[in-house]
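Every read-out reported here was derived from the displayed coordinates using simple, explicitly stated rules and does not represent laboratory data. Just so we're clear, the structure is a prediction, and the values are computed from it rather than from any experiment. With ideal geometry, Cβ positions are generated from the backbone for all residues, glycine too; neighbour counts draw on all protein chains shown.
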Amino acid sequence: MIIKRTALAAAALAATGLLAAAGTAAADTPAGVADLGNANFTKAGATISIPAQAPCAVEGPTSATAPLVSKPGVTFGGGTSSCTTEVTDPGNDVTTTTSTATGNNFELSALVSAGGKRIRISSYTVTCKATQTGTDANWTLSGLTGITGLPSPIPANYTKPLTKSDGTLLANAVFNIQTLPGDGSMTLTMLRIDFAPASGATGSVTVGHTACSPTP
């Protein structure tokens with residue numbers, strides 16, 4: 001089921017999102033990209049930086065594989081990406097694109113020392129598909145622990161405060177982050193965790209990212 005310019009989601013342990021747009025592509029939105037996520041934060045004077053994992057693009061590289069990478073406070077368990085182009089009408093050079101990234105065993109432990117919960121996601125996928133007439137994107141995750149009380153469906157750009165037991169804000173988990181310029185292109189980030197001062201960290205961690213534009 002596709003809901004135009006909105007997102008759908010199921011319960012916290014098996015959430016999904018779906019959105020769609022139509023129109024003509026913008027020059028500043030990629031033709032099609034996807035990656036597993038990245039991390040860039042500072043805690044206790046140490047900077048933790050993990051670049052975008054397994055990035056792909058329909059303009060190349062069209063596929064990528066990332067191994068497990070673990071640094072203090074965060075682990076990406078590895079995964080794959082694929083950004084493909086299919087010719088649907090050779091006579092008129094009509095194409096469609098599909099950009100997908102699938103990751104496994106993500107873990108954020110950076111909040112534990114501040115009294116927060118350990119966050120785990122066992123698997124997740126983000127996808128953006130494009131045709132000449134528009135684009136649609138979706139995301140799905142399973143095995144989410146450490147974040148509870150999510151609404152169903154999860155709205156676009158939904159923020160869930162992550163607190164310690166006394167209510168002190170440690171971070172904000174922003175789900176289903178959408179950019180829809182109104183020209184048919186779109187960008188989707190499944191989850192971004194932004195640290196608050198009480199966590200002792202500054203910066204953010206992103207999990208699952210994709211974007212695409214209508215094909216020429």
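A few remarks follow.
- Straight-line reach from Lys129: taking Cα to Cα under 24 Å and skipping same-chain neighbours fewer than 8 places apart, the lysines in range are Lys4.
- Given charges at beta-carbon only (K, R positive; D, E negative), |dipole| of region 104-198 in Debye: 260 debye
- Ignoring aspartates and glutamates fewer than eight residues from Lys160 along the same chain, the ones with Cα atoms less than 13 angstrom from its Cα are Asp194.
- Among 138-147, 66-75, the order from most to least packed when residues are scored by Cβ within 10 Å on average: 138-147, 66-75
- Cα lying deepest toward the dipole's positive end in the chain, options Ser123, Gly184, Trp139, charges on Cβ: Ser123
- Placing R0 at 22 angstrom, the Cβ-Cβ distance between Thr133 and Asn172 gives a FRET efficiency of 0.05 after rounding to 0.05.
- J(HN,Hα) series, region 127-137, from Karplus relation 6.51 cos²θ - 1.76 cosθ + 1.60, nearest Hz, glycine and proline x: 9, 10, 10, 9, 10, 5, 9, x, 9, 8, 9
- Mean shadow area of the chain over all directions, Cα convex hull, nm²: 11.5 nm²
- Label-point separation in nm, Thr202 to Thr65, each point 7 Å along Cα→Cβ: 4.0 nm
- In this rough spin-label picture, where each label sits 7 Å from Cα along the Cβ direction, the Ser122-Glu86 distance is 2.9 nm.
- For Leu170, the residues 5 or more places off, or on other chains, whose built amide H falls under 5 Å of its own are Leu162, Thr163, Lys164.
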